[in-house]
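In what follows, a structure is listed as structure tokens, so that the remarks can point back to it.
The values are calculated or read from the model by the stated rules, or taken from the named source; none is laboratory data. Note that this is a predicted model, so its numbers are computed, not measured. Cβ atoms come from the backbone with ideal geometry, glycine included; neighbour counts cover every protein chain shown. Accessible surface is based on the protein model in full, side chains and every heavy atom, while ligands, DNA and RNA are left aside. Shrake-Rupley method; radii C 1.70, N 1.55, O 1.52, S 1.80 Å.
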Amino acid sequence: MTLKQLVLSLTIAGVSSSSVVAEKPTTMQPYSDRLEHTDLAIEMVPIPGGSFKMGSPESEADRKDDEGPQAEVTVSPFWIGKFEITWDQYDTWGEQTDQLRRKMMSVDPSERDILVDGISKPTEPYTDMSFGMGKGDFPAICMTQHAARTFCEWLSAKTGHYYRLPTEAEWEYAARAGTTTAYSFGDDPADLDDHAWYFDNSDDTYHEVGEKEPNPWGLYDMHGNVAEWVLDQYDPSAYQSVAGAVDPLSVPKTLYPRIVRGGGWDDDPDMLRSAAREGSSDAWKEQDPQLPKSIWYHTDALGVGFRVVRPFIEPTADERALKWDKCEPKQVDSD
């Protein structure tokens, strides 16, 4: 049995043996998924499926060409993280703090622990990747999309529930929360101070998650604090052919550019709009002195993090391999 097959079998077993969060979309509820051998949990918010207009209208201030033409798409129901993934949660994986605590308490590893232990971890960073801006409940930053994807693989094994990054469509649908304005609270960037950390109010640093007002669906920091990875390859003309799609996804075929959404503490208001899109670049590794440069870190992306989603209908192993988990080129650590 391959590692991915074992992940799937344990994931299915986990869902059937642990509490079933919902039997149908209309009964989906918020829940917290505990990280075993820690005091941590990831809070998840249910998002109803539906259709919406992706992108921005031509009349929207500061709109860019890659935000159109607006296209109506449909997304299936899912849960999404109430907050961005924090350093405490990220380091549980990266520094194996859960496994260290398990060993200190002399707890024998379970079948799931053995699986979790077998998933790749980031190599040792060459410097503090928080760059002195704070850890704990501050959002984790500077990871590559590959690192964020691998965290999701670890989280799936850890919890028994299938987690992944949101698609670009899911992210915008959740960020808009039923609104059609530039931001989920309206069109006026003067109101951003109540809802977001960005260049004008951040004091040149990110902030602990959840300090600003949430959007109408109860999600925090969808605007600002840190921009967030999604699964998709960045294609500036993608919306020309996406109208009518159900759960659209542009599977990555090249390392750059890939998409982050939502803007960060170092961005101006226009990048915090619900429709704003940004593609990654190899310049995000400029400070990395390693040769070859690390597959785990974007040392110059101090305003980039992520949050996770869990689809209501869990895909099969084949569906995951063909779409949700597919990503090229394959990233291989040189160590």
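Quick notes
- Between segment 211-245 and segment 130-198, the alpha-carbon center distance in angstrom: 8
- The relative contact order of the chain, computed from alpha carbon pairs under 8 Å that lie at least 6 residues apart in sequence, is 23 percent.
- Cα-based Rg and Dmax for the chain, where Dmax is the largest Cα-Cα distance (Å): 19.0, 62
- Gyration tensor verdict on segment 210-335 (Cα atoms; rounded if a/c is under 1.5, prolate if a/b is larger than b/c, oblate otherwise): oblate
- Charge tally in the Cβ shell below 15 Å around P329, where Lys, Arg are +1 and Asp, Glu are -1, P329 excluded: +2
- J(HN,Hα) series, segment 201-216, from Karplus relation 6.51 cos²θ - 1.76 cosθ + 1.60, nearest Hz, glycine and proline x: 10, 8, 6, 6, 7, 7, 9, 4, 5, x, 8, 9, 5, x, 7, x
- When L249, L100 are compared by accessible area at a 1.4 angstrom probe, the order from most to least is L100, L249.
- Note on the chain: with a GNM built from Cα contacts shorter than 10 Å, the maximum mean-square fluctuation among V107, V21, V308 falls on V107.
- Accessible area expressed per residue, segment 31-323, with surrounding protein chains retained (probe 1.4 Å, Å²): 39
- Residues A22 and M104, FRET efficiency given R0 of 35 Å [Cβ-Cβ distance, rounded to 0.05]: 0.45
- Segment 31-323, accessible surface, carbon-and-sulfur percent (1.4 angstrom probe): 49
- Estimated inter-spin distance, A41 and E286, nm [label 7 Å along Cα→Cβ]: 4.3
- For the pair D128 and Q240, the difference between a 0.36 nm per residue extended length and the Cα-Cα distance amounts to 36.2 nm.
- Candidate lysines - alpha carbon under 25 Å from K293, same-chain residues fewer than 8 apart omitted: K121, K135, K253, K285, K326, K330
- Solvent-accessible surface of protein heavy atoms, probed at 1.4 angstrom with all chains present, puts S51, S130, S281, S59 in the order S59, S51, S281, S130, largest first.
- Computed over the chain, the per-residue total of -39500 (n - 2.57) for DSSP H runs of n ≥ 4 gives a 222 nm mean residue ellipticity of -5500 deg cm²/dmol, rounded to 500.
- Under a Gaussian network description of the chain, with springs only between Cα atoms under 10 Å, the residue in R277, R112, R261 that fluctuates furthest is R112.
- For segment 120-210, the square roots of the Cα gyration tensor eigenvalues, ordered a ≥ b ≥ c, give a/c of at least 1.5 with a/b no greater than b/c, which places it in the oblate category.
- Taking the charge dipole of the chain about its Cα centre, with +1 at Lys and Arg Cβ atoms and -1 at Asp and Glu Cβ atoms, the residue from T254, T180, Y162 reaching farthest to the positive side is Y162.
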